[in-house]
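Nothing in this text is a laboratory measurement; each read-out follows from the coordinates by a stated rule. All figures in this text were calculated on a predicted structure; none of them were measured in a lab. Note that each Cβ is placed from the backbone with ideal geometry, even for glycine, and that neighbours are counted across all protein chains shown.
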Amino acid sequence: MYVTIISVSVKPENVEAFKKACRLNHEGSVQEPGNLRFDILQSVEEPTKFVLYECYKTQQDAVAHKTTTHYLTWRKTVADWMSEPRQGIVYDGLYPGAGTGC
């Protein structure tokens, strides 16, 4: 499994719009053939902080995600809403195994 965890800080005035844009990206992403999981998380303590948890079967599936219309639309839409550049860290998914999701 190929997992990327992305940390995003959003300007306070853009939080609600960011959530809507993320929902659209999520809905498209979970339809991709290589996607196993695509979660959008918002901090309870700091509502301007988000984590995107993306799990794909392979690295190639994750690369293909970045060519989709829903991802490209999301990236362009939210670019100016971030208070700092997003940070992504790639992980190998160990447990649960690839056949059980992420």
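Over the stretch 2-94, what is the relative contact order in whole percent, taking alpha-carbon pairs under 8 Å and six or more residues apart?
Relative contact order comes out at 47 percent.
What ranking do Tyr95, Tyr71 get, fewest neighbouring Cβ atoms within 10 angstrom at the top? Don't skip to the end; give the middle numbers.
Details: Tyr95 7, Tyr71 17.
If I rank by nearby Cβ atoms, fewest first, I get Tyr95, Tyr71.
If Lys and Arg each add +1 and Asp and Glu each add -1, what is the summed charge of the other residues whose beta carbon sits under 13 Å from the beta carbon of Leu24?
Values: positive: Lys19, Lys20, Arg23, Arg75, Lys76; negative: Glu27.
Local net charge: +4.
To make sure I understand, if each residue's beta carbon is the centre and we count other beta carbons within 10 Å, what order do His70, His65 fall in, fewest to most?
Listing His70, His65 from fewest to most nearby Cβ atoms yields His70, His65.
Within the set of other residues whose C-beta is less than 15 Å from the C-beta of Lys76, count the net charge using Lys and Arg as +1 and Asp and Glu as -1.
+3
Find the Cα radius of gyration of the stretch 2-94, compare it with 2.2 N^0.38 Å by division, and give the number to two decimals.
1.03
With labels modelled as points extended 7 Å from the Cα through the Cβ direction, what inter-label distance (nm, one decimal) is found for Gln31 paired with Tyr91?
So the two model labels end up 2.8 nm from each other.
Excluding Ser7 itself, what net charge comes from residues whose Cβ is under 9 Å from its Cβ, given Lys and Arg +1 and Asp and Glu -1?
For residues surrounding Ser7, the net value is +2.
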